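Take a look at the structure set out below.
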Amino acid sequence: MDNLLGQYAPRIDRDQGTTDPRPYALGYTEREFQRLELQGALIHDLTEDFLRRAGIGPGMRVLDIGCGVGDVSLLAGKLVGPSGRVLGVDRSAGAVDIAERRASESGQCYWTRFT
């Protein structure tokens, strides 16, 4: 089983992070970023309900790994408010740029950050 999983799972180098050369399957194009924003809008209410049920609330700290264009991070930011902090992390600089712009436009740029 380990051999089978090892074939598909990225290899981790403790000093350098992932050594997995495979890119995101759907790409890093402007069209893909638009698709992610549309997807986020379509499931906005469901996602917000999920985060509330998970206990996300004022003053909390949230880490969103693989944040894409920031939909979940921004919803978490809405729930934690200015007394909390959200950090969204993504490997795509283009997605991070869009997420940062969206945080600024929503007034969350002081407590919802991206890298």
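The values are calculated or read from the model by the stated rules, or taken from the named source; none is laboratory data. Since the structure is predicted, the reported quantities are computational estimates derived from the model, not experimental observations. Methodologically, a virtual Cβ is constructed for each residue, glycine included, from the backbone with ideal geometry; neighbour enumeration extends over all protein chains shown.
Of the residues making up region 54-92, those that are touching a Lys or Arg at 6+ places or on another chain (Cβ under 6 Å) and either part of a strand (DSSP E or B) or over 10 Å from THR112 (Cβ atoms) (or both) are ARG61, ARG85, LEU87.
Among residues of region 86-115 that are under 10 Å from GLY68 (Cα atoms) and without any contact (Cβ under 8 Å) to a residue 60 or more places away in the chain, those with a beta-carbon under 6 Å from a residue that is among the aliphatic types (A, V, I, L, M) and in a loop (DSSP other than H, G, I, E, B) at least six positions away or on a different chain give the pairs ALA99/VAL69.
If you filter region 83-115 down to residues that are among the hydrophobic types (A, V, I, L, M, F, W, C) and surrounded by 22 or more Cβ atoms within 10 Å (Cβ to Cβ), you find that the one that is modelled with the lowest pLDDT is ALA95. Only one entry in VAL80, VAL62 is touching a Pro at 6+ places or on another chain (Cβ under 7 Å), at pLDDT 95 or above, aliphatic (A, V, I, L, M) and surrounded by 12 or more Cβ atoms within 10 Å (Cβ to Cβ), namely VAL80.
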